[in-house]
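Asker: So that we are looking at the same thing, I have put the structure below in structure tokens.
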């Protein structure tokens, strides 16, 4: 993967290139960024750049044997460590190691360009009802792999995607190697939640912060996907720098998924205001039957609609992201979102996103959520 294949992030690319050219390559680096901003493809492109013997014009050559092998995610000196678990129908006695899931890893990285969610990965390896993790067995494998000399390249590289999924024992084992690494051995960690890592690991890594994709870059991308000149800037703002979110928005326009999410939100708020608890429980049962990605998208869109309704209440509707039916509804709904409940509403929705991500039972999560929203909305009078 070359830097030129990555959407935006020119400042991060320039920083990585300068560090290599100046000979300041830290043995442990922590790439941090939200889902969909490109931290994983940046780390892979960086690994390719490091081991390319013919790099030029700020990128790897893309054609040498090293580049070809990394493009195929099959370089003997580049080891991938990812959160895994035992798939459905497999014996739980088998050790779930990353190496056993490399065909699926190569497929999803190649197909998406490295822009995919943790949940999409779990679905690819058929553990969507389980939490992936990086176990002590995996740490032992890393130590074993790194004990050998590099096969072909200058650097041996271990790329750990979502290191926050390491259990404490695995993290402590890797900490010893990170503190005293073998020569020409690099750790590249790609994290969406660095606050969940052991502080001792974070303190021993060089941070590479990957921000959201630039708005103008996103607008250009959306226009190339067929989004109209008028809607592209609004959708770019809605995506908040995440290519995954931008892709979801484009898909929702094509499949009417966004309309379904909006309809669920409207129904929830109307039933909550009217204190129709039995119908709220029916709503919760319906939403609980959706896929986890649909449930997360519903909460993300709901947070956005709450936020923009509050902007209208505060008298700054010009910075809201609403248009069409959403604007018409939220204009009427806005008085019910104010200083007394906006933070709690958003907090409850963020809690649901976390619970879904942790494989919580949606049949328990959504009834509690719906009744809590009813308490926050129902008693209010504009």
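Asker: Once Kirkwood radius over Cα pairs in Å is worked out from the coordinates, which option in (1) 28.6; (2) 22.7; (3) 21.2 does it equal?
Answerer: Looking at Kirkwood radius over Cα pairs in Å for this model, the match is (2).
Asker: Measure off 7 Å from each Cα along the Cα-to-Cβ vector at residue 209 and residue 375, then give the distance between these two points in nanometres to one decimal.
Answerer: 3.7 nm
Asker: Continuing with this model, one more query. Just for the chain, what percent of DSSP beta bridges are antiparallel, to the closest 5?
Answerer: Roughly 10 percent of the DSSP beta bridges within the chain come out antiparallel.
Asker: Rounded to a whole number, what is D in µm²/s for segment 256-377 from Stokes-Einstein with the Kirkwood radius over alpha-carbon pairs (20 °C, 1.002 mPa s)?
Answerer: This corresponds to a translational diffusion coefficient of 149 µm²/s.
Asker: Something else about it: Against the longest principal axis of the chain, how steep is helix 39-51, in degrees 0 to 90 to the nearest 10, with axes from Cα atoms?
Answerer: That works out to roughly 10 degrees.
Asker: While we're on this one: Stretched out fully, how many nm does the piece from residue 24 to residue 230 gain, at 0.36 nm a residue minus the Cα gap?
Answerer: Residue separation times 0.36 nm, minus the Cα-Cα distance, leaves 69.7 nm.
Asker: Still on this structure: For the pair residue 167/residue 107, report the inter-label distance in nm, with labels modelled 7 Å from Cα in the Cβ direction.
Answerer: For residue 167 paired with residue 107, the spin-label model returns 2.8 nm.
Asker: What is the angle, in °, between the Cα long axis of helix 168-179 and the longest principal axis of the Cα atoms in the chain? Nearest 10 is fine, range 0 to 90.
Answerer: 40 degrees
Asker: To continue, here is another question. Which value in nm describes the separation of the simple spin-label points at residue 289 and residue 263, placed 7 Å from the Cα toward the beta carbon?
Answerer: 1.4 nm
Asker: Where is the GNM fluctuation largest for the chain (alpha-carbon springs, 10 angstrom cutoff): 270, 224, 237?
Answerer: The residue that fluctuates most here is 224.
Asker: Once the piece of chain linking residue 193 and residue 359 is laid out straight, how much longer is it, given 0.36 nm per residue of separation minus the C-alpha distance between them?
Answerer: The residue 193-residue 359 span can extend by a further 58.1 nm.
Asker: Could you list the residues of segment 19-53 with an amide nitrogen less than 15 Å from a label point located 7 Å from the Cα of residue 145 in the Cα-to-C-beta direction?
Answerer: 44, 47-48
Asker: Compute the length gained on full extension between residue 327 and residue 339: take 0.36 nm times their separation in residues and subtract their Cα-Cα distance, giving the result in nm to one decimal.
Answerer: Here the segment from residue 327 to residue 339 would lengthen by 2.3 nm.
Asker: Taking the 0 to 90 degree range and rounding to the nearest ten, how far is the long axis of helix 292-313 tilted relative to the main principal axis of the chain, both from C-alpha atoms?
Answerer: The angle comes out near 60 degrees.
Asker: In deg cm²/dmol and to the nearest 500, what is the mean residue ellipticity at 222 nm of the chain if only DSSP H runs of at least 4 residues count, each as -39500 (n - 2.57), divided by the residue total?
Answerer: My calculation for the chain gives -16500 deg cm²/dmol from helical runs alone.
Asker: Could I ask something else about it? Would you mind classifying segment 48-87 by shape? Square roots of the alpha carbon gyration tensor eigenvalues, ordered a ≥ b ≥ c; an a/c under 1.5 is rounded, otherwise it is prolate if a/b is larger than b/c and oblate if not.
Answerer: Since a/c reaches 1.5 and a/b is larger than b/c, the shape of segment 48-87 is classed as prolate.
Asker: Which order do the peptides 303-310, 44-51 take when ranked by the mean count of other beta-carbon atoms within 10 Å per residue, highest first?
Answerer: Listed from highest to lowest mean packing, they are 44-51, 303-310.
None of the figures in this text is laboratory data; all of them are computed from the coordinates on show. All values reported here derive from a predicted model rather than from experimental measurement. In this analysis, Cβ positions are derived from the backbone assuming ideal geometry, glycine residues included, and neighbour counts consider all displayed protein chains.
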